[in-house]
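Any read-out appearing in this document is the output of simple, stated calculations on the displayed coordinates, not a laboratory observation. Owing to the predicted nature of the structure, the values given are computational and were not obtained by experimental measurement. Note: ideal-geometry Cβ built from the backbone for every residue, glycine included; neighbour counts use all protein chains shown.
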Amino acid sequence: MALRAALSKVTRQGLAQATRRSFGAAAAAPAPEFPPYVLKAPSTDITTLDSGLRVASETVAGAETATVGVWIDAGSRYETASNNGAAHFLEHMAFKGTEKRTQQQLEVEIENMGGHLNAYTSREQTVYFAKVFKKDVGRAVEILSDILLKSKLDAGAIERERDVILREMAEVNKQQEELVLDHLHATAFQGCGLGRTILGPEENIRSLQRSDLSDYVGAHYTAPRMVIAAAGAVDHDELCALSGEHFGSLPAAPAAGLETAMDPAVFTGSDVRIRFDSDDTAHVALAFQGASWTSEYAFPLMLMQTMLGSYDRAAGLGRNVASKMCQEIAEHELAHSVSTFNTCYKDTGLFGIYAVAPDNKLDDLFWYVMSNLVRLVHAPSDEEIERAKVNLKATMLMGLDGHSNVAEDIGRQLLTYGRRMTPAEVFSRIDAITAADVKATAAKFINDEDHALAAVGGIHELPDYNWIRRHSYWLRY
């Protein structure tokens, strides 16, 4: 991997040791020794059916419950301006009755099983999943196929659901973090699918028709773009048979015969500021363009996210957090909370800081934030890198606690990577990262790069775009 373009922007001091290298697991020198719980992690069985539908599962010996779900490679990113909100609308309509079950019959059947049926929509994926007892896995797969493939999409139910979604939108807009991050996507990816909201604009929610929803299903709900994922008390061969039986009618290609091309993401350096002088608190998200799921920079960015860390003044640690940035923010009482985010998509990402701070502390806050971001280009210490590696490993393993989390991990990785990484591979990729890799990654994504910013509230002291842009690099002679 050529790093010359990234490194040419950085002063030579401290970067002489940066070399051409790969961030993949193959770059790790001698095979590291891992604890037994990593090496003996349950395997993931994957089968691709004739239609292209992928079935994946992780069997947990002794488990009495299971999570089984359908992960679909379709979300708000695949919508147009005219049908934005269709994927989320479909999620609501899936539970409003099918050709075989009324809404009440569906709810009663799930309740009688002691199960839990749910769904969510993101910018790139739509997920339907069920948590059930071991003996009810077959019924869960059948119910999932019924609500996905045979939903009635009744005109009356569609009209009633509009008000439900509008109330949900009102609740979401009360959550400042959700609102600010939606504004951040809108300004960072202007005119792109990633810039649209998941719920869609109010005018679309009021105007979407049954034909819009059925057209979306016909264009995107195809076998090669779906994964049946399960974890817990499941038998893989049985799951494959159930999937073939209940999802065998899935088309292998869209109804029109043409695959819908993914709208490419184009990052635009810009900001959106919604100022309320009556507020004494500011909610600010600052982001640089990040890396895709499959990028060689993905794991270094994850490590950088851990190094920068998070801080909440209500937490017990207070100013004793490990992150240098959070220590400085805590010592000077510059923010109520600060968190680092690293959001990955298929072809791009967002890496940045979300902060909730008093309106009269923003100038000082962003001086420390930008200083610590650029510090990663020049002087990340070996100590903080090793500490971040341990924290990142722990976070990833704790994220796999529970069958639902494991099923989520399987479905997401199959859609993004086309396979599932074992914990040992993940650990190897983390261990392979060096200080030179962190510097090169920070040089590529932070040093002298455009940023996107979204801010809401009392932001009269928030530095302007050019000030932040100027502080994205150091002048060192």
### Query
What relative contact order, as a whole-number percentage, does region 50-180 give when Cα pairs under 8 Å and 6 or more residues apart are counted?
30
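What is the extension gain from residue 203 to residue 245, computed as 0.36 nm multiplied by their sequence separation minus the C-alpha to C-alpha distance, in nm to one decimal? Could the numbers behind the result be given before it?
Working: separation 42, 0.36 × 42 = 15.12 nm, distance 3.96 nm.
The span from residue 203 to residue 245 would gain 11.2 nm if fully extended.
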### Point-to-point label distance, residue 314-residue 159, nm (Cα→Cβ direction, 7 Å offset)
4.3
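Estimate the FRET efficiency between residue 391 and residue 210 by the formula 1/(1 + (r/R0)^6), using the beta-carbon distance for r and 35 Å for R0, to the nearest 0.05. Mind showing how you got there, number by number?
On the way: r = 49 Å, r/R0 = 1.39.
Once rounded, the FRET efficiency stands at 0.10.
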## Note on the structure
Working note, region 49-117: Cα radius of gyration (Å, one decimal) and Dmax (Å, whole number) are 16.2, 49
### Message
Helix-only mean residue ellipticity at 222 nm, the chain, DSSP H runs n ≥ 4 weighted -39,500 (n - 2.57), per residue, nearest 500. What is it?
### Response
-12000 deg cm²/dmol
### Message
If I take the Cα coordinates of region 381-468 and project them onto the principal axes, what are the three extents in Å, biggest first?
### Response
46, 33, 24
### Task
Using label points projected 7 Å from each Cα along Cα→Cβ, tell me how many nm separate residue 278 and residue 237, to one decimal.
6.8
#### Entry: Average Cα contact separation per residue, the chain, under 8 Å, 6 or more apart, as relative contact order %
24
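If you take every DSSP beta bridge fully contained in the chain, what fraction is antiparallel? Give it as a percent rounded to 5. Could the numbers behind the result be given before it?
Details: 53 of 65 bridges.
Looking only at bridges with both residues in the chain, the antiparallel portion is about 80 percent.
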### Task
Taking P(r) over Cα pairs in 10 Å bins from 0, in percent as the quantity of interest, determine which of (1) 4, 18, 26, 26, 18, 7, 1, 0; (2) 3, 16, 23, 21, 17, 11, 6, 2, 0; (3) 4, 15, 19, 18, 18, 15, 8, 3, 1, 0, 0 was computed from the displayed structure.
(1)
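Which length gain, in nm to one decimal place, applies between residue 176 and residue 262 when the Cα-Cα distance is subtracted from 0.36 nm times their residue separation?
Details: separation 86, 0.36 × 86 = 30.96 nm, distance 2.94 nm.
Gain on stretching residue 176 to residue 262: 28.0 nm.
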### Task
Give me the angle, in degrees from 0 to 90, between the Cα long axis of helix 155-174 and the longest principal axis of the Cα atoms of the chain, rounded to the nearest 10.
20
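Quick one: grab the alpha carbon gyration tensor of region 255-409, order the square roots of its eigenvalues as a ≥ b ≥ c, and give me rounded if a/c is under 1.5, else prolate or oblate depending on whether a/b is larger than b/c. Could the numbers behind the result be given before it?
Numbers: a/c = 1.79, a/b = 1.29, b/c = 1.38.
It is oblate, given that a/c is not under 1.5 and a/b is not larger than b/c.
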### Task
Starting from the Cα of residue 448, step 7 Å along the direction of its Cβ; do the same at residue 400; then give the gap between the two resulting points in nm.
4.2
